Amino acid sequence: NVTITIDGQKVTVPEGTTILKASEQVGVKIPTLCFLDHVGLRHIKHDIGACRVCVVEVEGKGDFVSSCNTPVQEGMVIRTNTPKILAARKLNLEMMLSEHHLDCPTCPKNGICELQAVCAELNVRQIRPQGEKKDLPIDDSSPSIVRNPNKCIICQRCITACKVLQSVDILELYGNGYDAVVRPLGGKPIIETQCVACGQCALVCPTAAIVERDDTWKVWEAIADPKKHVVVQTAPATHVSIGEAFGLPVGTDITGKMVSALKRIGFDAVFDTNWSADLTIMEEGYELIHRIKNGGVLPQFTSCSPGWIKFLEEFYPDLIPHISSCKSPQQMLGPIAKTYYAQKKGISPEDIFVVSIMPCTAKKYEAARPEMNAAAKFWKNPNISRDVDVVLTSRELIRMIREAGIDFAKLPDSAYDPVMGEGTGAAQIFGATGGVMEAALRTAYEVVTGKTLQKLDFEDVRGMKDIKEASVSMNGLTVKVLVAHSLGAARQLIEKVRGGELKDYHFIEVMTCPGGCIGGGGQPIPTTVEKREMRIAGIYERDRKMPLRKSHENPEIQAIYKEFLKEPLGHLSHELLHTHYTP
Ligand code: HC1
């Protein structure tokens, strides 16, 4: 241990503790703009000391030091709030502001911008340095995220998220001083890089240098069109995350309130992606059984996380045959809305407009993939729009709710609409890492053995450990499964698949984002590791309370097989619910 003095107070902390962390122990909050304790996972830190907002004075050291990456030493005497220090912090902020486009009222991060918050905390009231405003082009080439380099403060958090957390590594620091900029490799537009659209960069960006693309206006337009029948689906992870933006405890189950809000906004029908997650389990579970019985390519990889699919296409195209042919739940609900639901309700599929509320920026990219156009093909009618017309992230829905003047926390609960409104606990846990696997095992076990599963909770695949493993015995076969979340962890696993080390495994779940979809790139900001854990707890609590917890028991799933699809992996399923990826 090391004993030091901070602002006149003695404190003893473990060796290696930084000044920033030690200060917290004596009730001193040092502001930071670039530092992040955890980038998605506990073992990934970002402490490059670039912003110089966390500077402090250490007796005997001439210069100010950045507190986020300076470890304490025995006997150190530290001052954190002398007028000189406060003036230095302010000046550093003013330098940033002198180059910054100060268009806060119309900025997408207005209200959740860390630069704005730190300026308020430090009582910045003037900008003395006369910097030149940058005028770099905005990159809106991606369907998922928009990059505005004029708002970049070179904190480089996005580089850590992209390179260390996701191992995608398409961002670089380029140039020096005033000209320094973080940009996609070689200065290319994002769309021309290997970006997988996960949005983890947007989640950690302190300003609006990288944000989700805003598609809310398209939804307002559709709702205003009296000819359109506008339906909406809500992803599993949104059920426990929207509430925190409206002051409810993190992880609160706000399902009923979210449905009420969507009805008040004006959607004609509100459906649940949990319904199509149950449908996915039927198709993907039967696919796994089919592969095992018929010597298909194993291990099978889950296919619901679009960043993961893009990652494989970009970096491991040779492993594409391992990916399940199932579309994601989002992309299953879309074509079913424009076929089965349209028929049942007697609505022309041309008039149906499908909106998704997703925790994910990559879902925007997924919906825009050329092959996600099954309904138009089914009806042989090019006037039918894409299977999913617009994807909104959780943050965009939050903005729409605010825009509509809805007092979310006071809303009563409402129920989803029939046909595609019923979801089980198995579907709910899709939103957390390990959930798709657990849901699949609940169904596969009962289908294969014909017996009732006694213990539904597969604890081994739950939690924030980045790679998890379980095995289940089914009729004498030990089914071995693996789960990874974050693409950095996924890369470790699939290197082993490529090397032939995981031949005796049957099924691998990969979720692009740390914690699974609850930690998606479109989720409320900030999304910390602690918040990811609280949202996960909310997901499993909701599962525990559900009357039905296995996908094959969902009565609306049983109904669609009886009335329309006939059987899992059948002809119609192939036409509407499955796809293939070309290396
Ligand atoms: Fe997900 Fe999925 S769980 S991918 O994380 O399979 O986004 O929530 O909607 O499609 O169901 C996201 C969440 C989501 C799909 C489902």
- Checking rank on 148-157, 386-395, 89-98, 178-187, with mean other Cβ inside 10 Å and highest first, the result is 386-395, 148-157, 89-98, 178-187
- When M420, M76 are ordered from fewest to most other Cβ atoms inside 10 Å of their Cβ, what list results? M76, M420
- Note on the structure: Magnitude of the Cβ-charge dipole (Lys and Arg +1, Asp and Glu -1) of the range 259-343 about the Cα centre, nearest 20 debye, reported as 220 debye
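Which of the peptides 405-411, 356-362, 507-513 is most tightly packed, and how do the rest follow, judged by the mean count of other Cβ atoms within 10 Å per residue?
Values: 405-411: 13.4, 356-362: 31.0, 507-513: 28.9.
Ranking the peptides 405-411, 356-362, 507-513 by packing returns 356-362, 507-513, 405-411.
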- Amide H proximity to I352 below 5 Å, modelled H, separation 5+ or other chain, gives H229
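What is the Cα radius of gyration of the range 15-111 over 2.2 N^0.38 Å, N being its residue count? Could you put the intermediate results ahead of the total?
Values: Rg = 15.0 Å, N = 97, 2.2 N^0.38 = 12.5 Å.
Here the Cα radius of gyration is 1.20 times the empirical estimate.
Where does the chain land at 222 nm, in deg cm²/dmol rounded to the nearest 500, when only DSSP H runs of n ≥ 4 count, each adding -39500 (n - 2.57), divided by all residues? The partial results should precede the final answer.
Working: 20 runs with 187 residues, N = 583.
Value at 222 nm, helices only, nearest 500: -9000 deg cm²/dmol.
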- Query: Given R₀ = 30 Å, FRET efficiency for Q126-K163 by Cβ-Cβ distance, to 0.05?
  - Reply: 0.20
- What nm value, rounded to one decimal, do you get for the distance between K188 and H571 when each label is placed 7 Å out toward the C-beta? 4.3 nm
- Task: State the three equivalent ellipsoid semi-axes of the chain, derived from the C-alpha gyration tensor as the square roots of 5 times its eigenvalues, in descending order and whole Å.
- Result: 43, 27, 22
- Query: Taking one equal scatterer on every alpha-carbon of the range 342-429, how large is log10 of I(q)/I(0) by Debye at q = 0.13, 0.22, 0.23, 0.24 1/Å?
  - Reply: -0.62, -1.26, -1.27, -1.27
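Taking 0.36 nm per intervening residue step and subtracting the Cα-Cα distance, what contour gain separates W220 from V297 on full extension?
Numbers: separation 77, 0.36 × 77 = 27.72 nm, distance 4.46 nm.
Value of the extension gain: 23.3 nm.
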- Item | Euclidean distance of C-alpha centroids, the range 76-123 and the range 374-425, integer Å | 38 Å
- Can you bin the range 257-326 into rounded, prolate or oblate? Criterion: square roots of the alpha carbon gyration tensor eigenvalues sorted a ≥ b ≥ c, rounded for a/c under 1.5, prolate for a/b above b/c, oblate for the rest. oblate
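Determine the equivalent ellipsoid of the range 110-181 by diagonalising the alpha-carbon gyration tensor, then write out the semi-axes as square roots of 5 times the eigenvalues, largest first, rounded to whole Å.
Values: eigenvalues 123, 53, 38 Å².
Equivalent ellipsoid semi-axes, largest first: 25, 16, 14 Å.
About its Cα centre, how strong a charge dipole does the range 519-583 have in debye, to the nearest 20, once Lys and Arg get +1 and Asp and Glu get -1 at the Cβ?
Working: 10 positive and 9 negative charges, 53 e Å.
Around 260 debye, computed over the range 519-583.
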- Note on the structure: Over all pairs of different Cα atoms in the range 85-223, the reciprocal of the mean inverse distance gives a Kirkwood radius in Å of 16.0 Å
- Note on the structure: Between the modelled labels at I467 and T452 (7 Å from Cα along Cα→Cβ) the distance in nm is 3.8 nm
- Message: If each residue of separation counts as 0.36 nm, what is the full-extension length gain between N110 and E459 once their alpha-carbon separation is subtracted?
- Response: 121.6 nm
- Item | Compactness of the range 202-349 - radius of gyration and Dmax, Cα, Å | 18.7, 52
- Between the range 485-536 and the range 315-334, what's the alpha-carbon centroid distance in Å? 16 Å
- Gained length - K345 relative to R544, 0.36 nm times residue gap less alpha-carbon distance: 68.3 nm
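Tell me the net charge near K566. Cut-off is 13 Å between Cβ atoms, K566 excluded, with +1 for each Lys or Arg and -1 for each Asp or Glu.
Numbers: positive: K562; negative: E283, E563, E567, E575.
The answer is -3.
Can you order the peptides 127-139, 18-30, 289-301, 198-210 by their average number of other Cβ atoms within 10 Å per residue, highest first?
Per-residue mean Cβ counts within 10 Å order the peptides as 198-210, 18-30, 289-301, 127-139.
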- Note on the structure: The set of residues whose placed amide H lies less than 5 Å from the amide H of L136, leaving out same-chain residues fewer than 5 positions away, is N150
- Item | Charged-residue dipole, Cβ positions (Lys, Arg, Asp, Glu), the chain about Cα centre, Debye nearest 20 | 340 debye
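Relative to 2.2 N^0.38 Å, what does the C-alpha radius of gyration of the range 455-583 come to as a ratio? Two decimals please. It would help to have the intermediate numbers written out before the result.
Values: Rg = 17.6 Å, N = 129, 2.2 N^0.38 = 13.9 Å.
For the range 455-583, the normalised Cα radius of gyration is 1.26.
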- At N1 and A409, where each label point lies 7 Å from the Cα along Cα→Cβ, what is the point-to-point distance in nanometres? 4.0 nm
- So, for the Cα atoms of the range 1-57, Rg and Dmax in Å stand at 12.1, 35
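The numbers here are math on the coordinates, done by the rules we state, and not lab data. Only a predicted model underlies this, so the values are computations on that prediction, with no experimental measurement involved. Every residue, glycine as well, gets a Cβ built from its backbone with ideal geometry; the counts of neighbours run over all protein chains shown.
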